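Inspection log for the structure reproduced underneath, given as structure tokens.
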Amino acid sequence: MENAELFYKQPENQREQDNEAMHGLIAARSPNSLLEIGCGSGDMLNRYDNSRGIDINRSMVEFAQKRGNNVVLGDVTDSGVMEQYLGIDVIAANYVFTELKAEQIKAAFKNIQYSLRNQGTFYFTITNPQTRHREDLPGYKVVFDEQFKYERKDIPFTVLLEDEDGKLRDVGIRDFHNPIGVYQENLYNAGFLETRIHELSGKNDFVHALLFECKK
């Protein structure tokens with residue numbers, strides 16, 4: 001993400017609606033502590049007590065700090081960063097792991113599992129790898145840098161967001177496609193032995209996003 005303020009000037013889109021599904025699961029747990037990975041503006045942090053956030057993007061961190069959030073610059077794939085957060089009840093991430101390649105996902109999940117307390121839960125959302133090539137995605141469009149093949153790893157793509165006028169705009173989102181199996185395998189290898197996947201479709205007739213609920 002190159003420009004946080006430009007991103008947050010976009011109208012509410014399907015992603016914000018999808019986030020409510022995660023909030024419902026988190027609120028049911030009444031967490032004692034929460035860490036958000038890729039916290040962006042810090043909207044989630046405002047909902048929970050004893051919440052903190054990290055983001056790899058300096059623009060995002062500065063944007064969130066201006067709003068009074070407890071946020072620092074940090075990379076979830078860096079074990080030195082994540083070792084500062086131990087015994088966390090809930091760790092959450094909205095549409096973060098599509099920004100990472102498969103090997104980075106592996107490192108991130110390992111670090112997150114280490115930071116959670118026993119019986120803690122890790123929640124995260126991703127756009128559905130099986131449908132992200134569609135032309136009728138809600139509020140955004142994916143443009144692949146190379147030919148899309150579902151089973152291929154680390155295919156780079158750009159996400160264009162729909163603005164208030166219905167036009168698609170490039171706000172600096174650069175992501176990578178990986179099949180669902182990459183996430184499932186790395187979760188299991190990191191030590192998450194119980195994972196549930198919630199399908200998100202909103203008003204669509206197809207599943208556009210996946211919400212993972214992973215227990216340590």
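The values are calculated or read from the model by the stated rules, or taken from the named source; none is laboratory data. Everything numeric in this text was worked out from a predicted model, so none of it was measured. No Cβ is skipped: glycine too gets one built from the backbone with ideal geometry, and neighbour counts run over all protein chains shown.
Just a few scattered comments:
So that you can scan it fast, the table gives a plain yes or no per residue for (1) aromatic (Phe, Trp, Tyr); (2) within 18 Å of THR158 (Cα to Cα); (3) within 14 Å of the chain's Cα centre (by Cα):
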| residue | (1), (2), (3) |
| --- | --- |
| ALA92 | no, no, yes |
| ILE105 | no, no, yes |
| LYS110 | no, no, no |
| TYR114 | yes, no, no |
| ARG117 | no, no, no |
| GLY120 | no, no, no |
| ILE126 | no, yes, yes |
| PRO129 | no, yes, yes |
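- Looking across SER41, SER59, SER79, one residue alone is without any contact (Cβ under 8 Å) to a residue 60 or more places away in the chain, closer than 28 Å to TYR188 by Cβ and hydroxyl-bearing (Ser, Thr, Tyr). It is SER79.
- Restricting attention to region 87-101, the residues that are among the acidic types (Asp, Glu) and in contact with a Pro (Cβ under 9 Å, 6 or more places away or on another chain) total 1.
- Single residue of region 24-40 satisfying the filter (modelled with pLDDT under 95 and under 13 Å from the mean Cα position of the chain (by Cα)) that is surrounded by the most Cβ atoms within 10 Å (Cβ to Cβ): CYS39
- Yes/no for ALA64 being of a type in the set (A, V, I, L, M, F, W, C), at pLDDT below 90, in contact with a helix residue (DSSP H, G or I) (Cβ under 6 Å, 6 or more places away or on another chain) and under 23 Å from THR127 (Cβ atoms): no
- From the list ARG117, ARG169, ARG174, ARG152, the one residue that fits, being of a type in the set (D, E, K, R) and in contact with a His (Cβ under 8 Å, 6 or more places away or on another chain), is ARG152.
- For region 176-216, a residue qualifies if it is exposed (fewer than 14 other Cβ atoms within 10 Å of the Cβ) and among the acidic types (Asp, Glu), and the qualifying residues are GLU194, GLU199, ASP205.
- Scanning region 41-51 for residues that are crowded, with 21+ Cβ neighbours inside 10 Å and out of contact with any Phe, Trp or Tyr (no Cβ under 9 Å at 6 or more places or on another chain) yields MET44, LEU45, SER51.
- GLU135 touching a Pro at 6+ places or on another chain (Cβ under 8 Å) and charged (D, E, K, R): no
- The set of residues in region 46-69 that are over 21 Å from GLU99 (Cα atoms) and either in contact with a Ser or Thr (Cβ under 7 Å, 6 or more places away or on another chain) or hydrophobic (A, V, I, L, M, F, W, C) (or both) comprises ASN50, ARG67.
- Hits in region 174-204 (condition: of a type in the set (A, V, I, L, M, F, W, C) and either at pLDDT 95 or above or touching a helix residue (DSSP H, G or I) at 6+ places or on another chain (Cβ under 8 Å) (or both)): PHE176, ILE180, VAL182, LEU187, ALA190, PHE192, ILE197, LEU200
- Looking across region 169-215, the residues that are of a type in the set (A, V, I, L, M) and closer than 13 Å to PHE109 by Cβ come down to VAL182, LEU187, ALA190, LEU193.
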